[in-house]
Amino acid sequence: MCTVCGCNDTQGHKHEAGHVHFGKGEAGTSVAGMSQSRLIQIETDILGKNNSHAESNRSVFSKNGILALNLVSSPGSGKTTLLVETLKRLGGKVPASVIEGDQQTSNDADRIRETGAAAVQINTGKGCHLDAHMVGHALEKLPQDPGSILFIENVGNLVCPAGFDLGEAFRIVILSVTEGEDKPLKYPDIFASADLLILNKTDLLPHLDFNVEEAIAHAKTVNRKIEVIQVSAKTSEGFDDWLGWLEDARKRQASDDCQTKAAE
């Protein structure tokens, strides 16, 4: 038994001077009254089922030549505004559709539809992330045009979405300059699993004490392979780089799909 708080010491937390760490056990977390082995088993079961659905989604994307992107961030990072401006700049030259994830409302999907793109809203209720099963159902309601891009805007959260593969080709984490430079260190799992970091709202930098180099260095600390693009949806700064990245990603996806079909 823990002599500090009186709980069962198998719950996997550690006391230090001025610091209580609940992520030191095998499971990387702690739940009152539940052992680390039980937590690991539950997580294995949940993620196993999710990964099965993710592979089904990935098969659909590959079969139809769809580039699926999972956009993750904290609330207020500017994901939806960035997405709206991206769709406007694509201007129908590249077919695109959107899956919107929020706990409640269809506000974001409504904004997306105003651009002319097809969008499906997923409301998760008390859920803090999208999972592959939800995305699979949403896919049934969307066009699946060859060569198209599917943007999946996840629920605003830097924790829960990290462990859930949706079948996407690339994961993109968006960090606003109105947030702290240390976000990648505070929430390492989401940055470690991302392919691209979009540093958003750069037009606000003259009014803030945000250190761009420090933020990028922290992201590279947890994920040395992560690519970085600096963007402002308001001034269009960095949009050529962002749209160029999307075009390169489409080419990479098309190449991967060809290799997969050849292997079959």
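Just so it is clear, none of the values below were taken in a lab; they were calculated from the coordinates. All figures in this text were calculated on a predicted structure; none of them were measured in a lab. For neighbour counting, all protein chains shown are included, and Cβ atoms are generated from backbone atoms with ideal geometry for every residue, glycine included.
As an exercise, take the mean of 1/r over every pair of distinct alpha carbons in the range 138-264, invert it, and state the Kirkwood radius in angstroms.
16.2 Å
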With only alpha-carbon pairs counted, each pair once and no self-pairs, how large is the Kirkwood hydrodynamic radius of the range 59-188 in angstroms? 14.9 Å
Calculate how large, on average over all directions, the projected area of the Cα convex hull of the range 173-220 is; give the answer in nm² to one decimal. 2.9 nm²
If the reach is capped at under 27 angstrom between alpha carbons, list the lysines near Lys251, excluding any in the same chain fewer than eight residues apart. Lys63, Lys79, Lys88, Lys93, Lys141, Lys220, Lys225, Lys261
Taking the Cα centre of the range 79-130 as origin and charging only Cβ (+1 Lys, Arg; -1 Asp, Glu), how large is the dipole, in debye to the nearest 20? 160 debye
Local net charge near Ile112, Cβ-Cβ under 13 Å (Lys/Arg +1, Asp/Glu -1): -3
Only four residue types carry charge here, +1 at the Cβ of Lys and Arg and -1 at the Cβ of Asp and Glu. Report the dipole size of the range 138-264 about the Cα centre in Debye, rounded to the nearest 20. 160 debye
If you count, for each residue, the other Cβ atoms within 10 Å and average over each peptide, how do 52-61, 139-148, 93-102 line up from highest to lowest? 93-102, 52-61, 139-148
